[in-house]
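Okay, so here's the structure we're looking at.
Laboratory data are not the source of any read-out in this text; all were calculated from the coordinates shown. As the structure is a prediction and not an experimental result, all values here were calculated from the model. Positions of Cβ are generated from backbone atoms using ideal geometry, with glycine treated the same way; all protein chains shown enter the neighbour counts.
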Amino acid sequence: MPYLTIALPKGKLFAKSVELLAKVGYSADNVVEDSRKLVITNEASKVKFIIVKTMDLPTYVEYGAADIGIIGKDVLLEEKKDIYELLDMKYGKCRLMVAVPKAKKRAKLTDYAHLRVATKYPNCASEFFNKAGMQMTIIKLNGSIELAPIVGLSEMIVDIVETGTTLKENNLEEIAVVQPATARLIANKVSFKLQFNRIKKLVEDLQKVMVEENIK
Amino acid sequence: MSENKVLQVPYGTKDLLPGEAGAKRKMEDNLATNFSQWGYAEVQTPTFEYLDTFALGGSGITEESMKFLDRNNRTLVLRSDMTTPLARMVATRMGDEKDIKRLFYIANIFRYEQTQAGRQCEFSQAGVELMGTPEPMADAEVLALAVASLQTAGLDKFKISVGHIGFLAGLMEEVNLTGQEKEKIKQLVLEHNAVDLENYVNTLSIDEKLKGVLGRLLFLQDGQDMLKKLQKNVHNEKSYKALENLLQIFAFAKAYGVSKYLSFDLSLIRNFDYYTGMVFEAYTPDMGFNICGGGRYDTMMSSFGKDCPATGFAMGIDRIILALQREENFSSKADWDVFVAWEAGFAQAAIKKAMELRAKGKKVKIAFSSMNEMEAEQNTLENNCTSLVYIR
């Protein structure tokens, strides 16, 4: 039997993903987020784990460097890779949204036309504003998006929020939802065919565990 | 010119160096021999054609096509696939539509797109088109030839998924979906998005049993038993006939001895609007993209004025080479048989000897200056020659 290589995302989805995969028999020693080993192998069950940055994960899967992976829908929407999206794992609930400094709130979305938007998600942001008929200047950043309006780099932001605490702390207010997102199980196109029975069983087992754990 | 200025090639193009180019040529020669053993004749079409031709062909003009203008400002396009030009050629140049035509090509294709593994903006394809017959036996021949070609190229661990456009089309017609709903479903199937497909199908007001089939389409992958089971559960003629057609093709594939490579995937519809029947793709481990794909396209020729059923496939030569390299099954080292060196005063004799050896079919390199025997041995190695002939 060939190895099944699973890509896990660093960050907030990591722990829950490892936990659920272990419950359906996919585990290995020392699958930890700060692992020094780049590839963690379980010889007995023919599984390999790789731990990668979230934005890179779809690329690993698209090229077949990993057979399957778990990743947020927000990243899939941004990266638009040619992969199978097999299962909504329902955890890691968050939403991609538009926020502005409270003091500069305007009456409706289109009142913000022609302003600058800082975001880690330039493709999603462009698409969203295009649909709204707004021409914006998109500024791509790699982190700490909330900082941008505070220091005058942009007037608004498009970013992921879970609870909204960070927004509040920085006096930002959500004005529109771009897209809600949860964790998804994805697969490489070729791996899904060549290891179909194994991956299909994994999907079904995960579905069962989700029912048992009442993840909705 | 500043010292660090290196001349670049455009995005998505590359050079093939000695060795690489030779190995590719050898593979192409082997493929060409194989195609002709199956009765296929080679054809060539222009590298660029009028945009109208590709628009008619139904492969669609997208931002991927490389377009430019001729001197009369008509739009030209570098060929973005070979099926359309071949259909154009056969329809306009090759007489009676009732004749069966077996054609093959080895050609470079051009598409602006994000480069992928083994897929640059310019890449080469080998392929066949079998025109003039709707018979399932013809589809089986194309499948069997695809298997033989991949084997000829040196692959053996590949697998082929076979689907049928008619299955999904029939299901969607059966439940009277609107054009928009059909497009949405096709889009989600093409994107391989099982999550949204199931969610979307559940919002439609259609029969619960059909929801189960349509919503789980991406998981309909298995052997021929699955087809037989599904036949009992579909209630429209089109889907039923699609399954029947696949079973007939499979029976012929058995006779060809290639059925062990095949499995069925009813979500396989390929991203071309022109397919009408059986479609297939081939995959090999260690390569995240398909290496070969094709299918039946019975209506395309009619856009060129001839009603003519047709089927065929194309394989990506660069991708196959990459897959072979990953299996460490591909040598791109150029080598020669003999190095002819000579002592001062023996140049003419050396030329004569080299010509003799070449006449015997040897691959020969000759030295351009005299050298002693030790230098000659060194040079033999440096020139990748297997043996030395030293003339004195």
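So here's what we get for this one:
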quantity	calculated
Charge dipole (debye, nearest 20) of segment B:159-283; +1 at Cβ of Lys and Arg, -1 at Cβ of Asp and Glu	440 debye
Hypothetical label at B:ASN372: residues of segment B:333-359 whose amide nitrogen lies under 20 Å (7 Å Cα-Cβ projection)	B:340-347
Two-decimal ratio, segment B:33-120, of alpha-carbon radius of gyration to 2.2 N^0.38 Å	1.22
10 Å Cβ neighbours from other chains, averaged over peptide A:59-69	2
Charge dipole (debye, nearest 20) of chain A; +1 at Cβ of Lys and Arg, -1 at Cβ of Asp and Glu	220 debye
Under 5 Å, built H, 5+ apart or other chain: amide partners of B:LEU388	B:PHE339
Chain A: equivalent-ellipsoid semi-axes (sqrt of 5 x gyration tensor eigenvalues, Cα, Å)	36, 17, 16
DSSP H segments from chain A that extend 30 Å or more along their own axis, Cα-based, with Kyte-Doolittle mean of 0.0 or above	none
17 Å tail of the calculated P(r), segment B:159-283, as % of Cα pairs	54 percent
Average partner coverage of B:25-36, which counts Cβ from other chains inside 10 Å	0
For segment B:336-391, the Rg and Dmax computed from alpha carbons only, in angstrom	10.0, 27
Gyration tensor verdict on segment B:277-353 (Cα atoms; rounded if a/c is under 1.5, prolate if a/b is larger than b/c, oblate otherwise)	oblate
Normalised per residue, the volume of the convex hull around the Cα set of the protein assembly as shown (Å³)	252 Å³
DSSP-defined antiparallel bridges as percent of all bridges, segment A:94-180, nearest 5	65 percent
Exposed-site-free run, longest, chain B (rule: GluC sites (Glu not before Pro); DSSP loop; at most 10 other C-beta within 10 Å)	B:64-327
Neighbouring partner chain Cβ atoms per residue of A:182-193, average, 10 Å criterion	5
Cross-link partners of B:LYS101 among aspartates and glutamates (Cα-Cα below 18 Å; sequence separation of 8 or more within a chain)	B:GLU42, B:GLU129, B:GLU135, B:ASP139, B:GLU141, B:ASP298, B:ASP307
Share, in percent, of DSSP beta bridges within chain B that are antiparallel, nearest 5	75 percent
Rounded to 5, percent antiparallel among DSSP beta bridges of the protein assembly as shown	70 percent
Note, ³J(HN,Hα) from phi for segment B:262-268, Karplus 6.51, -1.76, 1.60, rounded to Hz, x at Gly and Pro	9, 9, 9, 9, 7, 8, 6
Whole-percent pair-distance distribution, where bins are 5 Å wide, for the alpha carbons of segment A:78-203	2, 10, 19, 19, 16, 10, 9, 7, 5, 3, 1, 0
Prolate/oblate/rounded call for segment B:65-172, Cα gyration tensor, a/c under 1.5 rounded	oblate
Total lysine pairs whose alpha carbons fall under 17 Å of each other in segment A:94-180 (8 or more apart, or interchain)	5
Alpha-carbon spread of chain B, three principal axes, descending order, Å	92, 53, 48
Highest-first arrangement of A:161-173, A:85-97, where packing means the average Cβ count within 10 Å	A:85-97, A:161-173
